[in-house]
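Note sheet for the following structure.
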Amino acid sequence: MNNMKKLIGIIIVSIACLSGCDSVTENKATKSNKTFKRPNILILMSDNHSDIHLGAYGDKVVKTPNIDKIAKEGIKFNNAFGASPSCSPARAAMLTGQDTWRLGDAANLWGGFPKVAVYTDIMEKAGYHVGIEGKGWGPGKAEADGWTRNPGGERYDSFEEFYNEIEKGAPWMYWYSSRDPHRPFKRNGWQKAGIDLDAIEVPSYLPDTEEVRKDIGDYYYEIQSFDREVDSYLSLIGEMGQLENTIVIITSDNGWQMPRGLANLYDAGVKVPLIISWPDHFKGSREIDDFVTLNDFAPTFLELAGIEIPASMNAKSLVNILHSEAEGLIEKDRDFVVTARERHAYVRQGGAGYPGRAIRTNDYLLIKNYTPEAWPAGQPPLYGDVDAHMLQYPAATKMYMLMNKDDEKVKPLFNLAFGKRPAIELFDLQKDPEQMVNVADDPAYAEVKASLETKLVNHLKATGDPRETGEGFDWDASIYYMEKDKRPRPSQKAIEALGLEEEYDYTSN
Ligand SMILES: [Ca+2]
C-alpha cells in the first residue's frame with residue numbers, strides 16, 4: 001500500500017513538473033503571509049564543532065555572543081546530530097536527505113558521491129540561485145561519479161560575488177562552510193582570545209592537564225572566530241536588505257576533533273548545534289527536544305520552497321516543528337536517531353574502516369561495532385582516525401595521551417579512546433552523560449539492550465542498510481581518493497616525541 005502511494009506520488013510529481021516545476025504550491029509557509037515569497041536560505045556551518053561548545057548551549061567559557069543572539073531569537077534544537085562523525089558522509093547525507101548507508105562510497109571520507117537527487121539541484125531547477133563558499137561537500141571526488149561541480153552547488157569566493165549574480169527577486173540558497181574549528185588550531189589562540197583556562201570544563205574522557213586545557217582553549221579561539229564570521233554574514237545580508245526573508249541556519253557537520261569525538265559514534269563525535277531562525281515566520285525563543293539529523297534539511301527546504309520531495313529522500317521534514325509554537329518534544333515519534341560510521345581516514349591495513357551503527361535515545365546510546373577485532377581509532381602506533389593532523393601539526397591532547405599512556409590516570413582514558421571495543425556498547429545517559437561506562441554486559445540492562453538492538457537493526461533493514469540486509473557493499477574496497485603522497489605524515493616532532501620509526505608506512509597501504 002505504501003509503495004503504491006509512493007508510486008502515485010512520483011507520477012503526480014512528474015505530471016506537476018510537466019506543467020512547470022517552478023510554480024509554488026500552497027504549503028504551510030503561506031499560512032501567515034498571503035504574499036508568500038519563497039524564502040532565502042543561509043546555512044552557516046562550522047566544521048568539527050560539538051553542540052555543547054556554544055554559550056547558547058551552556059558553555060560558560062567560550063564567548064559566542066552573535067550565535068547566542070540568534071539562538072535566543074530563533075529555534076534551538078537540543079538533540080541534533082550529524083549522520084556520521086566524519087565530514088564527507090555527514091554532508092552527503094544532508095544534501096541527499098538520505099542515510100549514509102544508502103549512498104555507497106559517500107559513506108566514507110574521501111569517497112565518491114552517487115548521482116542521486118540533492119536538494120541543491122532541485123531548488124536550482126525550481127528557480128533558486130544556489131551557491132557554496134568554503135568546503136561544501138567534501139573531502140572526496142564527486143567527479144568520479146560524473147558530477148561537474150560540488151554537489152552543494154556552484155562555488156563562490158564571497159557572498160557578494162554570489163549575490164551579484166542573482167536575478168532581481170529570485171530566491172537564493174547559500175551554504176557557507178567555515179574551516180573553523182577544524183584542526184589545526186591556532187597555537188596559543190586561547191591566550192589571544194583571553195580564555196580562562198581554569199574555568200574550562202574538561203570532559204571526563206580526557207586527562208585534565210594544562211596541555212589539554214590549552215588545546216581546548218585553542219579550539220575555543222576557533223569557535224570564537226566562527227562566531228565573528230556569523231556576525232559578518234548577517235550584517236552583510238542585512239545591509240543588502242535580505243535578512244527579513246532569509247531563514248538562517250547555524251550548525252556543524254560533526255563533533256569536535258578530540259579523542260572520542262570525530263570519527264566516533266559517541267555524542268562527542270556526532271552531536272551538533274542546530275539553530276534555525278526566521279523571526280517573522282517561525283516563533284522564536286524556543287527549545288526543541290525532538291531528535292533530528294542534518295539529513296532532515298533536504299525535505300525541509302523543499303517543503304518550505306513549495307517543491308515536492310523526491311521518494312529517494314528518507315529523512316523527514318522539520319516544517320511542522322518550525323511552524324509549531326510549542327517547546328519540548330513536538331513530534332512524538334522523533335524520540336531517537338540512528339547514526340553510522342564507515343571508513344574515516346585510511347589508517348588500517350587493506351583500507352579497512354571501523355564500521356558501526358548507533359541508536360541514540362534520550363536515555364541511552366547503543367553502538368553496534370561490526371568489526372570489534374579492528375582498531376577503532378586506527379592502527380597503532382599512530383591511531384590515525386584521531387587527529388590525523390597530529391601527524392603534521394602535533395595536536396596537544398592526542399600527543400599528551402600517547403606520550404603518557406602508561407601513567408595510571410591516563411591509561412584508562414587512553415584505552416577508552418584508542419583501545420579495542422566490544423561488539424555492543426551501551427551507555428546509560430542519565431547516569432553517564434559522557435558515555436564512559438559500557439553497561440552492555442550488566443544483567444540489569446539486558447532488556448534495554450535487547451530492545452534497542454532490535455530497534456536499531458529493524459530500522460537499518462527498513463532503510464536498506466547493506467550491513468544488515470545482507471545485500472552487501474564493500475566500503476573497505478572503495479577508493480580513498482586522497483592521493484597517497486599527499487596523506488598526512490608525522491612531523492619530525494611527532495616522530496621524535498613518540499619514538500616512531502621513520503620508515504614505518506604511516507598510510508598503511
Ligand atoms: Ca567536519
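Please treat every number below as a calculation from the coordinates, not as lab data. No experiment lies behind these values; they were computed from the predicted model shown. All Cβ positions, even for glycine, are placed from backbone atoms using ideal geometry, and neighbour counts span all protein chains on display.
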note = Normalised per residue, the volume inside the convex hull of the alpha-carbon atoms of the range 392-435 in Å³ amounts to 109 Å³
request  = Please find the FRET efficiency linking Arg155 to Arg228, where r is the Cβ-Cβ separation and R0 is fixed at 25 Å, and quote it to the nearest 0.05.
outcome  = 0.65
ask   = Where does the chain land at 222 nm, in deg cm²/dmol rounded to the nearest 500, when only DSSP H runs of n ≥ 4 count, each adding -39500 (n - 2.57), divided by all residues?
value = -8000 deg cm²/dmol
key: Percent antiparallel among DSSP beta bridges (both partners in the range 38-334, rounded to 5)   = 20 percent
request  = State, as an integer percentage, the relative contact order of the range 38-334 based on alpha-carbon contacts under 8 Å between residues 6 or more apart.
outcome  = 33 percent
ask   = Label points 7 Å out from Cα along the Cβ direction at Thr463 and Glu447: separation in nm?
value = 2.7 nm
remark   = Any trypsin sites (Lys or Arg not before Pro) in the range 171-208 that lie in a DSSP loop and have at most 16 other Cβ atoms within 10 Å would be Arg179, Lys186, Arg187
request  = With a/c under 1.5 counting as rounded, go ahead and sort the range 276-419 into rounded, prolate or oblate using the C-alpha gyration tensor (a ≥ b ≥ c being the square roots of the eigenvalues; past the cut-off, prolate if a/b is larger than b/c, else oblate).
outcome  = prolate
remark   = note: the chain, Cα-Cα separations exceeding 33 Å make up a percent value of 37 percent
note = Rounded to 0.05, the calculated FRET efficiency for the beta carbons of Thr454 and Asp121 at R₀ = 51 Å is 0.85
remark   = In degrees rounded to 10, the 0-90 angle between helix 446-462 Cα long axis and the longest Cα principal axis of the chain is 50 degrees
message = What does the extension gain come out to for Asp432 and Asp474, with contour length at 0.36 nm per residue minus their alpha carbon separation?
response = 11.6 nm
Normalised contact order of the range 414-509, rounded percent, pairs of Cα under 8 Å and 6 or more residues apart = 12 percent
query = Counting only DSSP beta bridges with both residues in the chain, what percent are antiparallel, rounded to the nearest 5?
reply = 45 percent
remark   = In whole angstrom, the spacing between the Cα centers of the range 169-234 and the range 387-457 equals 24 Å
